[in-house]
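*Asks:* Take a look at this one; I'll ask things after.
The values are calculated or read from the model by the stated rules, or taken from the named source; none is laboratory data. It should be emphasised that the depicted structure is a prediction, and the values quoted were computed from it without experimental measurement. Positions of Cβ are backbone-derived with ideal geometry, glycine not excepted, and every protein chain shown enters the neighbour counts. Note: accessible area is taken over every heavy atom of the protein model, side chains too, but ligands, DNA and RNA are not part of it. Shrake-Rupley method; radii C 1.70, N 1.55, O 1.52, S 1.80 Å.
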Amino acid sequence: MKLKKIYEMRIKNKTHVKKRACAIAVMAVLSLLLTGCIKDEPLNAECDITDAYVSVSNPEGMFFHASDTLVHVGSEESTIQFNVRRTADLTQLSPRFNITEGATISPANGSTHDFSQGPVSYTVTSQDKQWSRQYQVYFKPVIVTVTDTVKYDFEHFALDAKYQKFYEWYEESDDVIERLWATGNGGFFLANSSKAPEDYPTVPSFDGYDGHCVKLTTLDTGPLGRSTGRPIAAGNMFLGYFNTELALRDALHATEMGVPFTHQPRKLTGYYRFQPGPEYKNKAQQVIENYTDSADVYAVLYRNHDEAGHPVVLYGDNVLTSPLIVSKARVNYLKPTDEWTFFEENFVQLGEIDEELLNNRGYNLAVVFSSSINGASFEGAIGSTLYIDKVRVICTHDE
């Protein structure tokens, strides 16, 4: 009996040891797997500049405003431009950059360069070394020109630098390329990334009044747009900047209206063609009977700093109503027509314009075109189409 009990006890002990050994082995394997997961976590693949800034001993003598020393860089931007006074010394400047986590930049962040001969090229490389982006950094002397008319002919355009999916427009002057014009194409891309560039709300057309023109069309945004309460996208174009990162969560604040302007505008003119879409719908996609869509063309001049000296930009929800607006021109009615038709509208002065502030880039000008007048509220007729060409802002003469 004793031998039998001793044998049974040994069997139980061996079983316990085996179970314990198995448990320890499982824990060891799990530990290795977890450690492997931590070690194998992918490195950051982003390689963007998010902000650029520069410190100088005499910012007032170099920049028009203290806020001009900082430039926020959109995710789709590849050109960074600081606007400076024409007397600024550009031979020894040391800009610094905020870049995505883990990325590196070459030349070195904060290194000194001569920008008087043109832009300096910087390359940002991702943490995983698999991706890189190149940026051109300019310091542009701004000269107040003596001219009565500012001309916009829309002859210069290209696919966006980041995605190569939609068109962007730019102006050329003194061998400097400026992307003054913005559109909502970046927002449409987020909901319809498979669309061809020609199928976006704002595209170039070869059938202009003279050369190329801009074609703006109100389009359906598809399932994603409808699910987020944005069932349509009006073709739009404006002087300013479109913040793609805000497009889906705060569409009106994605449109930053206006660029610095040193003239006093008196009249807005241009040529257009327009045909409304067949059915006008509200934001809930209900057809509004006996209502015809219309296009919208307007311009506003506004102060770009508040009383405390903080920079100000107007957005889609206040560009026509802000108390900072000092002058406004809005075309009353664009009659539907298939023929190129001239339009003109006088600026109505709403507030005093400070000449010294004007000469020091203290005002922004926003010029806006839309294929649906209520497009900012996501109402309009799908298919409404506006063509725009040869826009002129006629100003008083600057001495």
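*Asks:* Within region 370-399, track down each residue that is of a type outside the set (A, V, I, L, M), out of contact with any Asp or Glu (no Cβ under 7 Å at 6 or more places or on another chain) and under 16 Å from residue 336 (Cβ atoms).
*Replies:* Answer for region 370-399, where residues must be of a type outside the set (A, V, I, L, M), out of contact with any Asp or Glu (no Cβ under 7 Å at 6 or more places or on another chain) and under 16 Å from residue 336 (Cβ atoms): 371, 383, 385, 387.
*Asks:* Does residue 282 count as touching an Asp or Glu at 6+ places or on another chain (Cβ under 6 Å) and open to solvent by 10 Å² or more (accessible area, probe 1.4 Å)?
*Replies:* yes
*Asks:* If you take the residues in region 147-166 that are under 14 Å from the mean Cα position of the chain (by Cα) and among the aromatic types (Phe, Trp, Tyr), which one is surrounded by the most Cβ atoms within 10 Å (Cβ to Cβ)?
*Replies:* Result: 166.
*Asks:* Among (1) assigned to a loop (DSSP other than H, G, I, E, B); (2) at pLDDT 95 or above, which single condition is residue 397 missing?
*Replies:* Of everything listed in (1) assigned to a loop (DSSP other than H, G, I, E, B); (2) at pLDDT 95 or above, residue 397 misses just condition (2).
*Asks:* Could you list all residues from region 67-85 that are more than 16 Å from residue 178 (Cβ to Cβ) and either in contact with a helix residue (DSSP H, G or I) (Cβ under 6 Å, 6 or more places away or on another chain) or not hydrophobic (A, V, I, L, M, F, W, C) (or both)?
*Replies:* Correct list: 67, 69, 72, 75, 85.
*Asks:* Let me ask something else about it. Mind counting the residues in region 321-344 that are out of contact with any Phe, Trp or Tyr (no Cβ under 7 Å at 6 or more places or on another chain), modelled with pLDDT of 95 or more and either polar (S, T, N, Q) or surrounded by 14 or more Cβ atoms within 10 Å (Cβ to Cβ) (or both)?
*Replies:* Adding up the residues that qualify gives 1.
*Asks:* Separate question: So which residues in region 83-99 are open to solvent by less than 60 Å² (accessible area, probe 1.4 Å), within 23 Å of the chain's Cα centre (by Cα) and modelled with pLDDT of 95 or more, if there are any at all?
*Replies:* Scanning region 83-99 gives 95, 97, 99.
*Asks:* If you don't mind, there's one more thing I want to ask. I'd like to verify a number: residues in region 156-189 that are over 18 Å from residue 82 (Cα atoms) and either of a type in the set (D, E, K, R) or at pLDDT 90 or above (or both), how many?
*Replies:* Adding up the residues that qualify gives 20.
*Asks:* Still on this structure, I have one more. With respect to residue 218, determine if the residue is open to solvent by less than 30 Å² (accessible area, probe 1.4 Å), modelled with pLDDT under 95 and not charged (D, E, K, R).
*Replies:* In short, no.
*Asks:* State whether the residues of region 254-275 include one that is touching a helix residue (DSSP H, G or I) at 6+ places or on another chain (Cβ under 9 Å) and surrounded by fewer than 16 Cβ atoms within 10 Å (Cβ to Cβ).
*Replies:* No, region 254-275 contains no residue that is touching a helix residue (DSSP H, G or I) at 6+ places or on another chain (Cβ under 9 Å) and surrounded by fewer than 16 Cβ atoms within 10 Å (Cβ to Cβ).
*Asks:* In region 288-301, how many are assigned to a loop (DSSP other than H, G, I, E, B) and open to solvent by less than 20 Å² (accessible area, probe 1.4 Å)?
*Replies:* Residues that pass the stated criteria total 2.
*Asks:* Does region 325-338 include one or more residues that are aromatic (Phe, Trp, Tyr) and farther than 19 Å from residue 258 by Cα?
*Replies:* yes
*Asks:* Look through 351, 309 and report the one residue that is over 30 Å from residue 281 (Cβ atoms), in contact with a Lys or Arg (Cβ under 9 Å, 6 or more places away or on another chain) and open to solvent by less than 50 Å² (accessible area, probe 1.4 Å).
*Replies:* It is 351.
*Asks:* Further, regarding this structure: Restricting to region 229-238, count the residues that are surrounded by fewer than 22 Cβ atoms within 10 Å (Cβ to Cβ) and modelled with pLDDT of 90 or more.
*Replies:* Result for region 229-238: 1.
*Asks:* Also: Of the residues that sit in region 265-286 and are hydrophobic (A, V, I, L, M, F, W, C) and modelled with pLDDT of 95 or more, which one is farthest from residue 301 (Cα to Cα)?
*Replies:* That would be 274.
*Asks:* Here's another thing I want to ask about it. Note down all Cβ pairs under 9 Å where the first residue falls in region 105-126 and is under 14 Å from residue 92 (Cα atoms), the second is open to solvent by 40 Å² or more (accessible area, probe 1.4 Å) and of a type in the set (Phe, Trp, Tyr), and they're at least six residues apart or on different chains.
*Replies:* Final answer for the pair search is 115/138; 118/138; 119/138; 120/138.
One line per residue, one yes/no per condition, for (1) among the hydrophobic types (A, V, I, L, M, F, W, C); (2) without any contact (Cβ under 8 Å) to a residue 12 or more places away in the chain; (3) assigned to a loop (DSSP other than H, G, I, E, B); (4) farther than 18 Å from residue 391 by Cα:
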{"site": "177", "(1), (2), (3), (4)": "yes, no, no, yes"}
{"site": "189", "(1), (2), (3), (4)": "yes, no, no, yes"}
{"site": "194", "(1), (2), (3), (4)": "no, yes, yes, yes"}
{"site": "210", "(1), (2), (3), (4)": "no, no, yes, no"}
{"site": "214", "(1), (2), (3), (4)": "yes, no, no, no"}
{"site": "225", "(1), (2), (3), (4)": "no, no, no, yes"}
{"site": "229", "(1), (2), (3), (4)": "no, no, yes, yes"}
{"site": "238", "(1), (2), (3), (4)": "yes, no, no, no"}
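*Asks:* Of all residues in region 130-142, which are out of contact with any Ser or Thr (no Cβ under 9 Å at 6 or more places or on another chain) and open to solvent by 40 Å² or more (accessible area, probe 1.4 Å)?
*Replies:* 130, the sole residue that qualifies.
*Asks:* I would also like to ask the following. Of everything in region 40-63, what is of a type in the set (Gly, Ala, Ser), more than 13 Å from residue 93 (Cβ to Cβ) and free of Cβ contacts under 8 Å to residues at least 60 places away in the same chain? Give them in sequence order.
*Replies:* Result: 61, single match.
*Asks:* So, one more: Specify the residue that is farthest from residue 67 (Cα to Cα); the eligible residues are those in region 379-394 that are open to solvent by 20 Å² or more (accessible area, probe 1.4 Å) and in a strand (DSSP E or B).
*Replies:* The extreme case among them is 385.
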